[in-house]
Every structure is written in C-alpha cells, then in structure tokens.
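The values are calculated or read from the model by the stated rules, or taken from the named source; none is laboratory data. Since this is a predicted model, take the numbers as computed values, not measurements. Methodologically, a virtual Cβ is constructed for each residue, glycine included, from the backbone with ideal geometry; neighbour enumeration extends over all protein chains shown. With ligands, DNA and RNA removed, areas are computed over all heavy atoms of the protein, side chains included. Shrake-Rupley method; radii C 1.70, N 1.55, O 1.52, S 1.80 Å.
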Amino acid sequence: MKHKVSKVLLLSVVLIGSLSFINSKKVKMSAGGSTVDSKREAKIDSLIKLMTLEEKVTMIHASSSFTSGGVPRLGIPEIVMSDGPHGVRKEHGRDWEADLAGTDSATCLPTGVSIAATWNPELGYAAGKVLGEEANARGKDIILGPGVNILRTPLNGRNFEYMSEDPYLASRMVVGFIKGVQDQGISACVKHYLANNQEVNRDKIDVQMSERALREIYLPAFAAAVQEGGANSVMGAYNKFRGQFCTHNEYLVNKILKGELGFKGVLISDWGAVHNTLEAVQNGCDLEMGSEFTTSSANKPNYDKFFMGDTLIKLVKSGAIEESLLNDKVRRLLRLMLKTNVMTKDKRKKGSINTPAHQAIALQVAEESITLLKNENVLPLKKQNIKTIAVIGANADRKHCGAGGSSQVNSKYEITALKGIQKLVGNSITIKYAPGYLIKKGKTADQELINAALEATKGADAVIYVGGWIHGYSDAWNDNAYDSEGLDKPDMQLPFGQNELIDALLKAHPNMVVVLEGGGPVDMTSFVERTKAIVQAWYPGIEGGNALAKIVFGEISPSGKLPMTFPKKLEDVPANKLGEYPGDGKTVNYKDDIWVGYRYYDTKKVEPLFPFGHGLSYTSFEYSDLKVQKNGQTVTVKLFVKNTGKMAGAEVVQVYVKDEKAAVERPEKELKGFSKLFLKAGEKKEVSLTLNPDAFKYYDEGKKQWVLEPGKFTIITGSSSKDLKLKADVEL
Ligand code: GLC
C-alpha cells in the first residue's frame, strides 16, 4: 500500500509540477510567446504612445523609391528595401536612378525555378543565406523575395522567378530559403500574395477561383512561408482576387493571412498596388510602396500624396477612420524593425558580398538544378575523344543576370555556357563558336547565320547547341521579352528562328547536344524526336557556364528534376485549355481549378513531353524494400535506394499519395514527400519519410475545412510523377 500511495503521490506531484510548469510557461506565453517578445511589445507600446498621427502616417508609406518613412524624433529610421529573389538588385538611389557607380555588383544566384529544380531544401537554405548576407552587406533591411506564385501556364513571364506547379515542392523549398535569408538578421518578403500567375494585365486582372483551388494549390506555399518559414513580410500582389485588390483584400489579408495563419509581420504592397485609402487602411495593407507613379509625377514624386498619406490624415482627423487602425500597422513595422535590429544596426551581423563562398553556393545550385531531359548515349562527352567542339547559339554567349525586370542583378561576373566550356576544356580542344541566330525583336531565321553556323560545325567531333528563351533584347528595363516581368510570352515557340537552325544542325550532326536556357518549357515538337541529348539549364546564374560544362563533360552527374511539367504543346496546358488564360482583360476564371500541372496531365491522361519530377542521371538507381507503417493517421514510409551505376550521383525519391475513393474528384496522385539522396557508385541508403494526416486530406468546400476521408490510399514512390517505382496500400 505504502508503495502504491507513494506512487500515486509521486504521480500527482509530477502531474501538478508539470501543470504548474506549463502554466508558468503559459503565463509567459500569453504575454506574446516569450519574455523577449513581451519586452518587444512593451517597447512598441511606448513608442506608439509617443507618436503623433502624422508620424504614424509617415511610417506606413514610402519615403523614397525603396524606403519607408522613419520618425527621427523617436530614433526610428527608414526601412531600406531592395529587390530581388536571386540577388541584390542594382543600387537605386532614392529616386529610381540606378547608381552605375559600380559599387552595386552582387552574386547573381540561379533563379527561383533553378532553386526548385534542385529539390534540395538544404541548398535552398544555403541560397537564401547568400542572399541574406549580401543584402545585409548592402545595407538592406528587407530583401524583396522569394517569389512563390504557382506556375499555372508556361507563358507567364515571371515563371523563372518562381518555383513550381506543385504547392508541396514550392512550400518545402520556400521555407528553407526564407530561413536562410532571415537567419542573417534581415527580413525576407515572400511574394506576390496571391495568384499573380500571369503578367498580362497584372495590375488589374481579377482572379476568380474556387475555394478548393485556393486552399489546395495557390495558398499553401504562402502559408508555409509564414507559418514555417517565419517570413517577416509578405508582398501583396497587383491583381485582384474575387473583386478586391490583393494588397488590401479583406478575405486574403485580414481573414486568412493575419487571421487563420496568424501572420504578425508586415504586408507590403507591390509597387503601385494600392488603389484605395479606406480599403488599404481597413483591409490589412501595412506599408504602401511605389504609388509615386499613380499619385504624383514620376520624376517629382510627392510621397505625402500616397493613398495612405495626407488623405489619410484628413480622414482620421474628420473621424471617418479610427486612428487605432493605424496603430496595428505601425506595431507590425516596429516589430519587424526590432526583430531585425533596424534601430540598432550595430547589433546586426556584418554580412558579406561577392565572396568565393557565395560563388561556390551559386555554382552548387546551378549544378544541382540543371536537368537532363533526354540522353541516348551521347552525354557525357569524353574530352579524350574530342579535338574540336562547335558551340552554336546566341544564348551560349549571352548574359542573363542583368535583365528580367525587378529581379535584375548587376552580377559581379557571369560565366556563360561558352565561357564555361572554354574554361573546362582549356587549350586541349579547339572550340568554334557561331551564334546561328540574332537576338532581336521580330528576327526570324537568318539563312546567312545558319550557313555560318553549319560552317563552324564542319569537322567538329562534338556539337553543343545552346538556345532557348531570354529575359529581353537588352538589359534595358523597357526592352523586356519572353522571360520577363511585365509581359507574358506569346507562345511556347523558340524565338529568332531557332527551330530552323536546330533542324539544319541536326541534319548535319545527329548527335548534337541541345541545351535550353529559360524559365520553363518550350515547344520541342520540331526536334525532340531527332535529338539524342537535351539539357534544361534554366537561368543558372553567375557560375552557370561552369556548372553546365561540368555536367556536359561528365565531371558530375546531373541531378536536377523538373519542378513543372513540360507539355508537348500549349494546347495541352490546362490553364490555356480550361482556365480562360489570360482572361478578358478584366477577369480571369481559373476554371482549371485544382487541375494544375501533373495533377491535370496524369488524371486526365494527357501525355506530357517530360513529366513533373523528371530528370535523368549518368548513373542508375534501384528502389527496394518499401515499407509503409501507419500509426493512427500518420504514415511512415521507408525504402532503400541503391546507386547501381559506375558514377556517384543524386536521386530525388518522390512520394505521391493517391486517394483510391473520395466524395470529390481528386488528382491521380499528389506529391507529399521527397528526399534527395547523394550516393557513391554501389552505395545504398535508407529513406524514411513521415506523412502526417494533412498528406491525405482534401479541402471540402461545403464543410469549409480540410477532411481526411477514411478509406484506402496508395503510397507511390517514384523518380518522377510518371517513372513510378514501388507502391503500397494503406487503410486510414
Ligand atoms: C515590381 C515587382 C515586385 C518588386 C517591386 C519593387 O513591380 O512586381 O516583385 O519587388 O515592384 O521593384
């Protein structure tokens, strides 16, 4: 008995003890999470109490092209911002005058779509860390990136800046990237919230979509960025959503972002995205940027004329608007400033820029992103068998970093494909180069240039073609084209007569390697069957040419995987076929709904050219011993992967879930887990992934919640969404 009593006593002591511990924690937690938080909130309270109405209004709109207003009287400085998602942008003074003093170079990372093509979240963190260190070194408080809008149509001009057609891949990659940036002590700004999936009429198009499409496709990456990545700021998109501008949208900002998701940071408008004072104040816009172009003359900006400027002061003084609405905005700005030492910059980490370490990360991202789409025993090229190489294509000698719109970077240098190949082969091999086409508006096939290219290939032991899309005809902002901000592509066709050139070259050199640069798929109908080796290089950044050369000559095996489907032709794309892209100028109805990318192609049995998650290697992998173990509604997936080839390589094991029977139509499969394995020749490793209950749910519009419908699910492992390996059923 004694023993029992003491046991009961002991247990109750432990229980009370833990309860009191929790309570004490709760006491602290209720004060905003921790003592640090509560101290910060107290400091914010005291500052707000001291501020005049005018000072509060000064803080919630721009004071120059890339700064928000400060309150010198109270020691509150301006917040300094800069683009963009893959490098610190050219230095714009306070008035958009790019400072060409040369002090504004930076490391141009491979773009968002490249980072996603690595399928390596740790590398995403490393890339974010580079961006954060360089932004910090350049004196920025907020870097305006990453971009995570879903790749709904290949025609979107800014796909290159974003990540994926799949919300899970985009979510996993964006979380690491944001943490990488913010661990350097500055803020990321995840953008563009939300459904900015086209550039056509981006500043006014009203996006209409179902609640299920919102919840299952377009919102998840932003939710992950805020809830897991801890993004300190979010940028409101230009477009409308269900009739209201995104940047001051009651449902998106107040109800979802700040309500459901509990976002405590700053909602910054896109530049010029605010259109209404009352809506901006009431619907959650915390900082108005870029309205100088709509409220005053571009070259003599008057920041007080902003929607949340003098007009707002008058409305508060007249009693039309409660001053307390401004306090929350100021609170969020001060919270970001205190979290990132904006007022105590001497306490901030130093940052660094243009370092070999940064360039090494850029190289690694490029190496892991370049995707081998097709290879019939052509690659890797063997240097020892080659005396002369012909490199053909104007893209081979083109630098991309400086263009594309606001994500432009004055890169410290940029290794083009041609440069990279020249550097790798050295003097041992003769390289002959010809552009083959002219990058000029409206240019079509030029027979003279084609003939010159054919001439250059005469006697070559290997021919490498480098073509694809470009960011524009020059670095000039208004010279944008194809993969650029502000406009979409006209179609998926390769421009400048490249198809005719490739055709002529293939006739003479059937083993030619085709390398494509760009932010997504092009129509390859005219050459894909006849081409034995096709490499997707994306926009590989400052070290891109070196990475490409290492892969082409087999120093490393490619390991990139497509973060979006490559369809056979534009007519197959659901957004273009079902989804009314680009809309009627006023509205675009996302009738493609949740049927984006492989969700559509696999379910509706439309054969893609190259499927989501596809990417070849120079080695081979064997999957074995799949074990699926459920514990309640959580499922553990374990399997082994062996490198059965002769070369080290990396495999991205993808885990898809199929709901065998549901009350609603569900996709054939959905990506719910992945793991990138680096394996030496012959090496075998175990993969272990946990699928939590969310992995099996769909969004029920009637119940307005996520539901997990009991029944049979199939867990599918694969090397792409079509190259399926082992499967197992589980009953939940
Ligand atoms: C642009 C872009 C946004 C960028 C901002 C500042 O219009 O949409 O991505 O960060 O303005 O340049």
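Within the range 265-303, how many residues turn out to be farther than 21 Å from residue 141 by Cβ, at pLDDT below 95 and either aromatic (Phe, Trp, Tyr) or within 15 Å of the ligand (Cβ to nearest atom) (or both)? Qualifying residue count for the region: 3.
Screening residue 252 with (1) open to solvent by less than 50 Å² (accessible area, probe 1.4 Å); (2) farther than 22 Å from residue 201 by Cα; (3) away from the ligand (no atom under 15 Å from the Cβ) gives one miss only, at (2). Could you tell me whether any residue of the range 416-433 is within 25 Å of residue 149 (Cβ to Cβ) and more than 16 Å from the ligand (Cβ to nearest atom)? No, every residue in the range 416-433 fails to be within 25 Å of residue 149 (Cβ to Cβ) and more than 16 Å from the ligand (Cβ to nearest atom). Scanning the range 705-721 for residues that are open to solvent by less than 40 Å² (accessible area, probe 1.4 Å) and in a loop (DSSP other than H, G, I, E, B) returns 708, 711, 719, 720, 721. A count restricted to the range 642-658 and to residues that are of a type in the set (D, E, K, R), open to solvent by 20 Å² or more (accessible area, probe 1.4 Å) and in contact (Cβ under 8 Å) with a residue 40 or more places away in the chain stands at 2. The residue that is nearest to residue 672 (Cα to Cα), among those in the range 196-217 that are open to solvent by less than 10 Å² (accessible area, probe 1.4 Å), part of a helix (DSSP H, G or I) and of a type outside the set (Gly, Ala, Ser), is 217. The condition of being more than 28 Å from residue 285 (Cα to Cα), without any contact (Cβ under 8 Å) to a residue 24 or more places away in the chain and touching a Lys or Arg at 6+ places or on another chain (Cβ under 9 Å) holds for only one of 104, 45, 99, that being 99. If I filter the range 484-501 down to residues being within 16 Å of the ligand (Cβ to nearest atom) and among the charged types (D, E, K, R), which single residue comes out as nearest to the chain's Cα centre (by Cα)? Taking the candidates together, the pick is 485.
Within the range 344-369, restricting attention to residues that are aliphatic (A, V, I, L, M) and surrounded by fewer than 17 Cβ atoms within 10 Å (Cβ to Cβ), which residue is farthest from residue 40 (Cα to Cα)? Only one residue fits best here, namely 360. Take residue 461 and tell me if it is within 16 Å of the ligand (Cβ to nearest atom) and acidic (Asp, Glu). When the stated conditions are applied, residue 461 does not pass them.
As for the range 172-195, it holds at least one residue that is in a loop (DSSP other than H, G, I, E, B), away from the ligand (no atom under 16 Å from the Cβ) and touching a residue at least 60 places away in the same chain (Cβ under 8 Å).
Tell me, which helices (runs of 4 or more DSSP H) wholly within the range 534-640 include 2 or more residues that are closer than 30 Å to residue 399 by Cβ?
544-552
Results for (1) within 23 Å of residue 221 (Cα to Cα); (2) loosely packed, with under 14 Cβ neighbours inside 10 Å, shown as yes or no for each residue.
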residue	(1), (2)
667	yes, no
678	no, no
689	yes, no
692	yes, yes
700	yes, no
703	yes, yes
723	no, yes
731	no, yes
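When the range 622-641 is filtered for residues that are touching a residue at least 60 places away in the same chain (Cβ under 8 Å), out of contact with any helix residue (DSSP H, G or I) (no Cβ under 8 Å at 6 or more places or on another chain) and surrounded by 15 or more Cβ atoms within 10 Å (Cβ to Cβ), the ones remaining, listed by number, are 623, 626, 628, 637, 639.
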